[in-house]
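The values are calculated or read from the model by the stated rules, or taken from the named source; none is laboratory data. Computed from a prediction, not measured in an experiment: that's the story for all the values here. Every residue, glycine among them, receives a Cβ derived from its backbone with ideal geometry; neighbour counts consider all protein chains shown. Areas reflect the complete protein model, heavy atoms only, side chains present, ligands, DNA and RNA absent. Shrake-Rupley method; radii C 1.70, N 1.55, O 1.52, S 1.80 Å.
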Amino acid sequence: LIVIVAFSSCISKKDIVYFQFGEIDQSKVSNKYKTYFKPDDLLEITISAKDVAAVRPFNLSAVTYSTSSNSAIGVAQQQTYLIDSEGEVEIPVIGKIKLGGLTREKGIALLKSKLSPDYIKNPHINIKISNFKISVLGDVARPGNYMIPNERITIIDAIGLAGDLNISGNRKNVLVIREENGMKIKYSINLLSNETFISPVYYLQQNDVVLVEHNMAKMQSASSNTNTTLFISITGVLIGLLTILTR
């Protein structure tokens, strides 16, 4: 019984080496990625132009005020805009606009169309998601939430941030859970295959969850307990007694 348990716990090299089979179809590999704005995103919107006075109302600063002196405390920071459940943000002067579901490029184009030429001539606009994060959970060295400052991260990068999979992590079925159109969609990635590089979730989006399952040996080990050891011990004693009695 001990030998059987030992062999069932063994992990083969073919179960742990990344990208060991399959060819990389270079025609399908792309280094381009798109970030789509979603509800609950906090956006830093910076607008600039030659006319500094014209852009000032659109670049509000967030500061803390003292109730006693009625003066600002600390260093002013760029105001952020929260995308609401309807995908809208409220911009000073021009009011609500819908950015949810748009890429950065389309969001910038929409803002430009609202500002120019009525308010600002030839504005330059930059939009950044200040709360871009992903989560890596399960059988990894450092599970947790990770803030991504540049909004560009691959699933390989995410696993690296989490300290890589433990030796007992299931590399054949790593799940990525993503919210699309208000629904939670699951994608499966086999890290042993080179097809990882052409997966639709190779580039992660904000709030994606990467879930690494335990492999079968780890799950079998978790299901066993001290009763198993006791059972093996009792079985050994009984076999010994039977051997003595049958002599």
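Please work out if residue 169 is more than 22 Å from residue 31 (Cα to Cα) and open to solvent by less than 10 Å² (accessible area, probe 1.4 Å). Spelling it out, residue 169 is indeed more than 22 Å from residue 31 (Cα to Cα) and open to solvent by less than 10 Å² (accessible area, probe 1.4 Å). Going by what's in this entry, would residue 187 be described as in contact (Cβ under 8 Å) with a residue 12 or more places away in the chain, of a type in the set (Phe, Trp, Tyr) and surrounded by 17 or more Cβ atoms within 10 Å (Cβ to Cβ)? Answer is no for this residue. Only a single item in (1) buried (at least 18 other Cβ atoms within 10 Å of the Cβ); (2) farther than 24 Å from residue 84 by Cβ is not met by residue 204, and it is number (2). Would you check if there is a residue in region 130-138 being of a type in the set (Gly, Ala, Ser) and under 12 Å from residue 204 (Cα atoms)? Yes, some residue in region 130-138 is of a type in the set (Gly, Ala, Ser) and under 12 Å from residue 204 (Cα atoms).
One line per residue, one yes/no per condition, for (1) at pLDDT below 95; (2) assigned to a loop (DSSP other than H, G, I, E, B); (3) of a type outside the set (Ser, Thr, Tyr); (4) touching a helix residue (DSSP H, G or I) at 6+ places or on another chain (Cβ under 9 Å):
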residue: 86; (1), (2), (3), (4): yes, yes, yes, no
residue: 93; (1), (2), (3), (4): yes, yes, yes, yes
residue: 110; (1), (2), (3), (4): no, no, yes, no
residue: 120; (1), (2), (3), (4): yes, yes, yes, yes
residue: 134; (1), (2), (3), (4): no, no, yes, yes
residue: 137; (1), (2), (3), (4): no, no, yes, no
residue: 145; (1), (2), (3), (4): no, no, yes, no
residue: 150; (1), (2), (3), (4): yes, yes, yes, no
residue: 156; (1), (2), (3), (4): no, no, yes, yes
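The single residue among 157, 164 that is of a type in the set (D, E, K, R), within 21 Å of residue 129 (Cα to Cα) and open to solvent by 20 Å² or more (accessible area, probe 1.4 Å) turns out to be 157. The residues of region 199-230 that are out of contact with any Gly (no Cβ under 9 Å at 6 or more places or on another chain), modelled with pLDDT under 90 and in a loop (DSSP other than H, G, I, E, B), listed by number, are 224, 225. Test residue 114 against the stated conditions and say whether it is under 21 Å from residue 80 (Cβ atoms), open to solvent by 30 Å² or more (accessible area, probe 1.4 Å) and free of Cβ contacts under 8 Å to residues at least 60 places away in the same chain. In short, yes. On the stretch given as region 161-170, residues that are outside any strand (DSSP E or B) and either of a type in the set (Phe, Trp, Tyr) or more than 17 Å from the chain's Cα centre (by Cα) (or both) total 4.
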